[in-house]
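Everything below concerns the one structure shown next.
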Amino acid sequence: MSNDTVTDRADHADRVEPLEPVGQADRAGSEEREERKEREEPEGDTVTELVRLLDALDALPDSIRLRARSYDLLHLTPGAPVVDVGCGTGLAVAELTRRGARATGVDLSEPMVAEGRRREPGADLRVGDARELPFQDGELAGYRAEKLYHEFGDPAGALSEARRVLAADGRVVLIGQDWDTFVIDSDTPALTRTIVHARADLIPAPRAARAYRALLLDAGFDDVTVEVHTGVLTGPLMLPMLARTAGAARDAGAVTADDAGTWMAEQTERARTGRLLLAVPLFVAAARRP
């Protein structure tokens, strides 16, 4: 395993949202898909806010470098067919296309796919489920999924589908955060640990990223490699996410409303004075289909 440390400094101002209730983790099967689809299909202004946040994160220099690293790990030749699963608005599809690949994007969210089609009218973006991909057996040379596998109660099922659509010697690249190991500077470290772990417990597979190596091997892939890239954010961009994290811990009964409010007030003040620090380990795994 290689350890590459990167730094993302986000100094973009962002609105801090109220602490919102967060539901329980998804269940497997159709119920899980429907609940996940609801989470991924915000309406109206919420779509605009989500896209704006994702655009700001994607534009960070180290985010650009991390995406480029994932493309390199695919080992694609010109014209090679590749899918980006959980493609959102299709940024990776556009970048892979510019590299000469024949790229397709698949995402469960109709609004995100619609926005992607608006941005890149010629892009091949499709609404679909990662566990029922619209490809024939062995059709693809590459498979990429970023920040997606934590959404699945059964990540192995999605990876089995990845193996199905890949040809022999095809490459898979997975990128994801480990929700249990978010590092947040705070004057109340014990409370912070409680909040982080309580939020992680509401994710269907919060530790899927640290399990990439085992999942890939169990699915029959070989030549597995794993890297860890640490994203560090020091500006107010992530305050809405921190507010949702505290709200989730409060709604789960892990912390009191007063504790959640006090913790969020501290993080807001840290952002105002340039002292906020959030570090997120991002696992990048690559493998070959025999």
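The values are calculated or read from the model by the stated rules, or taken from the named source; none is laboratory data. Note that the structure is predicted; figures quoted are calculated from it, not measured. For neighbour counting, all protein chains shown are included, and Cβ atoms are generated from backbone atoms with ideal geometry for every residue, glycine included. All accessible areas refer to the heavy atoms of the entire protein, side chains included, with ligands and DNA or RNA removed. Shrake-Rupley method; radii C 1.70, N 1.55, O 1.52, S 1.80 Å.
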FRET efficiency (residue 201, residue 64; Cβ distance; R0 45 Å; to 0.05) is 0.90
Short version: ³J(HN,Hα) in whole Hz for each residue of the range 277-287, in order, from phi by Karplus 6.51 cos²θ - 1.76 cosθ + 1.60 (θ = phi - 60°), x for Gly and Pro, what are they? 9, 10, 10, 10, x, 10, 8, 10, 10, 9, 7
Cα centroid distance between the range 189-208 and the range 236-290, in Å? 10 Å
Simple spin-label estimate for residue 223/residue 126, 7 Å along Cα→Cβ, in nm, reads 2.6 nm
For the range 177-290, alpha-carbon Rg relative to the globular expectation (2.2 N^0.38 Å, N residues): 1.24
When the Karplus curve 6.51 cos²θ - 1.76 cosθ + 1.60 is applied with θ = phi - 60°, which whole-Hz ³J(HN,Hα) does each residue of the range 50-56 get, with x for Gly and Pro? 5, 5, 5, 5, 4, 4, 5
Expressed as a percent, the accessible surface of the range 237-289 that is carbon or sulfur, using a 1.4 Å probe and the full set of protein chains, is 53 percent
Calculated FRET efficiency, residue 269 and residue 119, Cβ-Cβ r, R0 51 Å, to nearest 0.05? 0.90
State, to one decimal in nm², a quarter of the convex hull surface area for the C-alpha atoms of the range 106-147, i.e. the direction-averaged projected area. 3.5 nm²
Put a dot 7 Å past each Cα toward the Cβ at residue 52 and residue 188; how far apart are the dots in nm? 2.9 nm
Along the principal axes of its C-alpha atoms, what lengths does the range 72-171 span, in descending order and rounded to whole Å? 33, 32, 22
